[in-house]
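Shown next, in structure tokens, is the structure this report addresses.
Here, each number is a calculation from the coordinates, and none is a lab measurement. Just so you know, these numbers come straight off a predicted model, no measurement behind them. Cβ placement follows ideal geometry from the backbone for every residue including glycine, while neighbour counts extend to all protein chains displayed.
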Amino acid sequence: MFVITGAGGRTGRAAVLRLLAAGHRVRAVGRSTQRLADLAAQGAEVWEADPLDPVALTDAFRGAEGIYAVIQPNYLPDHPDFGAFQDRVAASLTTAVTESGVTRVVGLSSWGAGHPEGTGPVKGLHRFEQRLSAVPGVDTLWLRAGYFMENLLSHVHNAATHHRISAPFDPDLPLPFVSTPDIGARAGDELATGTWHGTEILELQGERDVSMREAVGVIAEAVGADDLTYEQSGIADFHAELRDSGVSVDVADMMAEVGEAVNSRHTRMEQPRTGRTSTPTSIERFVEEEFAPRYRDNVRRG
Ligand SMILES: NC(=O)c1ccc[n+]([C@@H]2O[C@H](COP(=O)([O-])OP(=O)(O)OC[C@H]3O[C@@H](n4cnc5c(N)ncnc54)[C@H](OP(=O)(O)O)[C@@H]3O)[C@@H](O)[C@H]2O)c1
């Protein structure tokens, strides 16, 4: 039996489905079994545990052959100290691994997590890696995923209404765009069949590197918007826009740091691109299946 944390989230849900499809027993953990009802209908055992509750998580992990550990959610935009929240979830997951006696863990981390500083929210994932990897007798595989394709979905409204996508990234810098279902599927595969020992790191770099200019070109073609353009925003403007939209100073600082870290290549992939570090979903497929339908809805609704 495998236990998946963050089962209601993007990567967790995909991990559950992958393991069920391969015939494994799966315990899907979230804060509300109601929100996991569709996974129960597909054969998962659903289990309520808040990621901040180490006792509930320990119960959830007992008897597992392996677990998928994820600090969720991706962001809490209005949190005054998101790093402290990440540390509390990391501590809770680590206590539960220790107390439950689980010996195999696939953990979700990020490109840039080798650095202790200068990487925005990825600093919290660095500390998560350090903390959990220190538990003796546990084989842990860290999936250091690239930049989520799903991050592009925050631009749907501006693309549809202002025909512009802006972000702090250099327009022509190749980015390792990766889809979250691919990450979850890989987590499931590694839990079921992986042969790693001790602490290992595996970067997930996506199908190929894609710059923001290229990504926006793919979107423009898919939605038939010739005038859709990419504009690189300055870090200060980006920070101000986030603040205007209600993001806390702490989280806006972190997001701005991501822009600087990626542009300066402080955050970069370090393993060679191989079949193992690549994942199948192309930017074209993501845009067709996820971005374009939302864009068209947005245009229809005005
Ligand atoms: N964005 C990127 O480019 C990127 C790149 C690499 C790594 N990452 C990492 O990926 C991880 C996120 O993974 P994901 O995308 O699979 O997760 P996710 O989809 O963001 O997780 C969403 C789930 O979090 C739970 N949640 C929501 N608010 C919460 C709260 N206040 N407290 C506790 N749980 C809450 C909800 O589940 P329930 O309601 O069912 O509990 C929700 O379904 C993060 O650690 C992030 O740092 C991100």
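Could you point to the residue in Met149, Ile165, Ser133 farthest towards the positive end of segment 116-169's charge dipole, with +1 and -1 charges on the Cβ of Lys/Arg and Asp/Glu respectively?
Ile165
Taking K and R as +1 and D and E as -1, what net charge do the other residues with C-beta under 11 Å from the C-beta of Gln232 add up to?
Counting the neighbours of Gln232, the net charge comes to -3.
Please list the non-local residues whose amide H lies under 5 Å from the amide H of Arg268, H modeled 1.01 Å from N, same-chain partners needing a gap of 5 or more.
So Arg268 has HN proximity to Gly112.
Taking the Cα centroid of segment 67-121 and of segment 183-245, what is the distance between the two, rounded to the nearest whole Å?
Between the Cα centres of segment 67-121 and segment 183-245 lies a distance of 20 Å.
Only Cα pairs under 8 Å and at least 6 apart count here; give the relative contact order of segment 70-146 as a rounded whole percent. Walk me through the numbers before you get to the answer.
Values: 87 pairs, mean separation 27.7, N = 77.
Contact order relative to length: 36 percent.
Normalised by the number of residues in segment 131-215, what is the relative contact order in percent for Cα pairs under 8 Å and 6+ residues apart?
48
Treating the beta-carbon of each Lys and Arg as +1 and of each Asp and Glu as -1, no other charges, what is the dipole magnitude of the chain about its Cα centre, to the nearest 20 debye?
The calculated dipole for the chain is roughly 720 debye.
What angle do you read, to the nearest 10 degrees and between 0 and 90, between the alpha-carbon axis of helix 180-193 and the longest principal axis of the chain?
20
Under the rule of -39500 (n - 2.57) per DSSP H run of 4 or more residues, summed and divided by the residues of the chain, what mean residue ellipticity at 222 nm is obtained, to the nearest 500 deg cm²/dmol?
-12500 deg cm²/dmol
Can you bin segment 29-95 into rounded, prolate or oblate? Criterion: square roots of the alpha carbon gyration tensor eigenvalues sorted a ≥ b ≥ c, rounded for a/c under 1.5, prolate for a/b above b/c, oblate for the rest.
Here segment 29-95 falls in the oblate category.
Enumerate by residue number the chymotrypsin sites (Phe, Trp or Tyr not before Pro) in segment 14-123 meeting two conditions: DSSP loop (anything except H, G, I, E, B), and at most 10 other Cβ atoms within 10 Å of the site's Cβ.
Loop-located and lightly packed - none at all.
Loop-only trypsin sites (Lys or Arg not before Pro) in segment 138-232, please: DSSP not H, G, I, E or B, and at most 14 other Cβ atoms within 10 Å.
Answer in residue order: Arg208.
Under the rule that an exposed site lies in a DSSP loop and has at most 15 other Cβ atoms within 10 Å, name the longest stretch of the chain with no GluC sites (Glu not before Pro) of that kind, not counting the sites themselves.
Values: sites that count: Glu65, Glu117, Glu270.
By the stated rule (loop sites, at most 15 other Cβ atoms within 10 Å), 118-269.
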